[in-house]
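Here the structure is laid out as structure tokens; the discussion comes afterwards.
Every number in this text was worked out from the coordinates using simple rules, so none of it is lab data. As the structure is a prediction and not an experimental result, all values here were calculated from the model. Cβ coordinates were reconstructed from backbone atoms using ideal geometry, including for glycine residues, and neighbour counts include every protein chain displayed.
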Amino acid sequence: MTKRKPQIQSLAAKQAESRRPFMGEDILNNLDLGLMLIERVRKILADLDQLTDVIPSFGPFLELGAGSAQRSAALMNRYPVDGVATDISQSSLRNAPYVMSLLNFTRLPLLICCDAHHLPFLPNTFQFVFAYQTLHHFENPIPVVAECYRVLGKGGYLFFNEEPMDSHLRRFLRGGRTLNNPPTRLQRWSYRLHMEKVFWDDGQAERRAGITEARFGMDLWRQALEPFSEIDVEINSHLRIRSDLKKRDLISWISGMIGGNVKGYALKAGGEPATDDFRQRLICLDCGANLPGNLDRQLRCTKCGRVYPIMENILRILPSELEVELYPQPFGNSPS
């Protein structure tokens, strides 16, 4: 079978992601929003507690699509590790102090506004890279997973959850139907049976906002994770089908036919071991030079002179063309 050519996420989709709203005080005052964040924290802590049997260390770590950084903060406040929360939306990262207050957390990760296709770190920097509800916001996961592989050190792990595995059966049953807001009576019953995503597409709202909502099949998942030496995924959160994605056996066929939520981990066996000095391993995206580790003020490349802004404790490191397209105005004057 011919491998699907990796595609770079469109500029329009990156712009839509970068314009996610700043919530600020609403995080503290909106009960539904607060409960949602608390549930996300509960879920990652449950996942991490299970992973301790497999993964020897969670640090240093990097999170892709961190949003308001609640998961990274939960990791740091549960385990004695340090790391980075990244997102292309600077407004989302600005929510982090409010999340810290809501959850009574004391330790906050380094916040970097960057593009997952251009992670601003040297190879072999992190021991643990993770993402929730992130990979399907790209047309193709292969380039993003390749970046995760690059920045992971020897013996490092990639972990992901709340990602979709699509199938011909699901596409047939789903047709062109989308979930209503509020849901119809039939859809409410489907929610109770955990069948809503089988018969309706749940990504319509984000697509209307210009955000990519992709659905990957088994073959594309295989291609994306191919560089890793050990893979363990759980397909369909209710049937909990386990697979390494490498064997093309009956289990693999059933998994690809049924699809559903995918979570799992993948081990990088090669490379050099990661160290704890990830702040000293930042790179300039214009010339590739190692950036100075002083993050108190603006960060200037000593080789090419490019300046990367640091505002409200958020470091922004984007390719020059993306910087112009996504953040043309000074940080304080950009729309929230």
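Annotations
- For G83, the amide hydrogen comes within under 5 Å of the amide hydrogens of F61, L110, counting only partners 5 or more places away or on other chains and with H modelled in the peptide plane.
- Full-stretch length increase - E206, D244 - with 0.36 nm per residue and alpha-carbon distance subtracted: 10.6 nm
- Among beta bridges that DSSP assigns inside the chain, antiparallel share in %, nearest 5: 50
- FRET efficiency, Q15 to C287 (Cβ-Cβ, R0 41 Å, nearest 0.05): 0.95
- Spin-label model, C304/I8: points 7 Å from Cα along the beta carbon direction are separated by 1.3 nm.
- Relative contact order computed over the stretch 167-206 (Cα-Cα under 8 Å; 6+ residues apart), in percent: 56
- Residue pairs exceeding 26 angstrom between C-alpha atoms, taken from K154/K197; K14/K303; K43/K247; K247/K268: K154/K197; K14/K303; K43/K247.
- Label point 7 Å beyond Cα of N181 along Cβ direction - residues of the stretch 10-52 with amide nitrogen under 13 Å: 21
- Using C-alpha pairs under 8 Å with a sequence gap of at least 6, the mean separation divided by the residue count of the chain gives a relative contact order of 19 percent.
- A helix-only calculation puts the chain at -9000 deg cm²/dmol for mean residue ellipticity at 222 nm, using -39500 (n - 2.57) for each DSSP H run of at least four residues, averaged over all residues.
- Cα centroid separation, the stretch 161-192 to the stretch 238-312 (Å): 30
- Pairwise FRET efficiency - D296 versus S237, Cβ, R0 = 56 Å, nearest 0.05: 0.80
- Modelled spin labels at W189 and S320, positioned 7 Å past Cα toward Cβ, are 6.1 nm from each other.
- Summing charges over neighbours of T125, with a neighbour being any other residue whose Cβ is under 11 Å away from its Cβ, gives 0 when K and R count +1 and D and E count -1.
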